[in-house]
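Enquirer: Have a look at this one.
The values are calculated or read from the model by the stated rules, or taken from the named source; none is laboratory data. Computed from a predicted structure; not experimentally measured. Because the Cβ atoms are built from the backbone with ideal geometry, glycine has one as well, and the counts that use them run over all protein chains shown. Heavy atoms of the whole protein, side chains included, go into the accessibility calculation; ligands, DNA and RNA do not. Shrake-Rupley method; radii C 1.70, N 1.55, O 1.52, S 1.80 Å.
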Amino acid sequence: MFQRDYFMRMIGQMTEAIGQIMQLKREMKHDEALLIIDELLDKRFGLSGKLIRSLSDKDLIGVMTTNGVVETDNLQAIAVLMKQEAELLESQGKEEASFVHYLKSLHLFMRLSLLGAAPTLVNPAKEAEQLLEQLKLYELPEETKLLRAEWHEGESQFDQADNVLHELLEDGVIPKEEVIDFYRRLLLYDDEKLEAGGLSREELEQGVEELAGKTQ
C-alpha cells in the first residue's frame, strides 16, 4: 500500500512539474524552466543532477536497480526531464548540449521499451520513435545505432533493424555473423509476423546465404 501511494504521489508530482516546465517554455522563460529541472534532478531520485547527467544510460539503469528490480518509473521520469532539457537548450541555440541530452533520453526510452516498462508518465516506445524522427538528420553514434537495431527488433520492426545492421556492417562496426544471427532469429517466427515486420522468409534465407558465402 505504501509503495502504491509513493508511486501515485511521484507520478502526480512529476506530472505537475512537467506542466510547469511546458508553461514556462510557452512563456519563453527557459532559464526558469531549466531551474525546475535542476531541482527535480537534484532532489527527486537520490542522486545529484550532475551525476545523473554524467552517467551513461547503462550505468544509470545499474544504479537504479535494486535486488534485480529496475526502477523503471524513476528512469522514465529522468528520460522525460532529459528530453525537456534538450528542447530548452535547443531553444537557446545550444545545439551540441541539446543533442547530448536528446541522445540520453532516446537511449533511456529505448531501454525502457526493451524492458517492457509500463507507460506511466509517457509511452517509452512512442517517445523513442518520436526522438528518432527528431534526430533523423543527425549522424547517430555507433552505440546508438547498435541499441536502435536491438530496439527495432524488439518492436518487431524487422526491416528497420535490418537497415541499421547493414549500415553498421558496411561501416565495419559489426561482423557479418551478427547479421546472420539476426536473420536466423527471425526465421524462427511464422510468416505472418515476418511480413508484418517488413521482411519475408525468402529475403531472410537469401540474406543468410549471401552473407555466409562472403569472405569477411
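Enquirer: Check off (1) open to solvent by 70 Å² or more (accessible area, probe 1.4 Å); (2) under 26 Å from Leu194 (Cα atoms) for His152 and give me the number that stays unchecked.
Expert: Against the list (1) open to solvent by 70 Å² or more (accessible area, probe 1.4 Å); (2) under 26 Å from Leu194 (Cα atoms), His152 comes up short only on (1).
Enquirer: Now, a different point. For region 129-146, enumerate the residues that are at pLDDT 95 or above and of a type in the set (A, V, I, L, M).
Expert: Scanning region 129-146 gives Leu131, Leu132, Leu135, Leu140, Leu146.
Enquirer: Within region 128-216, considering only helices (runs of 4 or more DSSP H) that don't extend past its boundaries, which have at least 3 residues that are among the acidic types (Asp, Glu) and in contact (Cβ under 8 Å) with a residue 12 or more places away in the chain? Spell out how you get there, then give the answer.
Expert: Working: elements: 142-154, 158-170, 176-186, 191-196, 201-213.
Result: 142-154, 158-170.
Enquirer: Further question: So, in region 128-146, exactly how many residues are open to solvent by 40 Å² or more (accessible area, probe 1.4 Å) and within 11 Å of the chain's Cα centre (by Cα)?
Expert: 2
Yes or no, residue by residue, for (1) at pLDDT 95 or above; (2) open to solvent by 40 Å² or more (accessible area, probe 1.4 Å):
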residue: Lys83; (1), (2): yes, no
residue: Leu103; (1), (2): yes, no
residue: Arg111; (1), (2): yes, yes
residue: Ala118; (1), (2): no, yes
residue: Val122; (1), (2): no, no
residue: Lys126; (1), (2): yes, yes
residue: Arg148; (1), (2): yes, yes
residue: Asp162; (1), (2): yes, no
residue: Ile174; (1), (2): yes, no
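Enquirer: Considering only region 1-59, state which residues are of a type in the set (Lys, Arg), farther than 26 Å from Leu115 by Cα and modelled with pLDDT of 90 or more.
Expert: Correct list: Lys29 only.
Enquirer: Something else about it: In region 11-42, which residues are among the basic types (Lys, Arg) and either in a helix (DSSP H, G or I) or open to solvent by 90 Å² or more (accessible area, probe 1.4 Å) (or both)?
Expert: Answer for region 11-42, where residues must be among the basic types (Lys, Arg) and either in a helix (DSSP H, G or I) or open to solvent by 90 Å² or more (accessible area, probe 1.4 Å) (or both): Lys25, Arg26.
Enquirer: Return the pairs, sorted by first residue and then second, in which the second residue is open to solvent by 70 Å² or more (accessible area, probe 1.4 Å), the first residue lies in region 43-72 and is assigned to a strand (DSSP E or B), the beta carbons are less than 8 Å apart, and the residues are 6+ apart or on different chains.
Expert: Val70/Leu115
Enquirer: While we're looking at this one, here's another question. Taking region 54-76 as the search range and keeping residues that are of a type outside the set (S, T, N, Q) and more than 19 Å from Leu147 (Cβ to Cβ), which one is least open to solvent (accessible area, probe 1.4 Å)?
Expert: Among residues in region 54-76 that are of a type outside the set (S, T, N, Q) and more than 19 Å from Leu147 (Cβ to Cβ), the one least open to solvent (accessible area, probe 1.4 Å) is Asp73.
Enquirer: Next question, about the same structure. Can Gln76 be described as farther than 20 Å from Phe109 by Cα, of a type in the set (S, T, N, Q) and not in a loop (DSSP other than H, G, I, E, B)?
Expert: For Gln76, the condition - farther than 20 Å from Phe109 by Cα, of a type in the set (S, T, N, Q) and not in a loop (DSSP other than H, G, I, E, B) - is not met.
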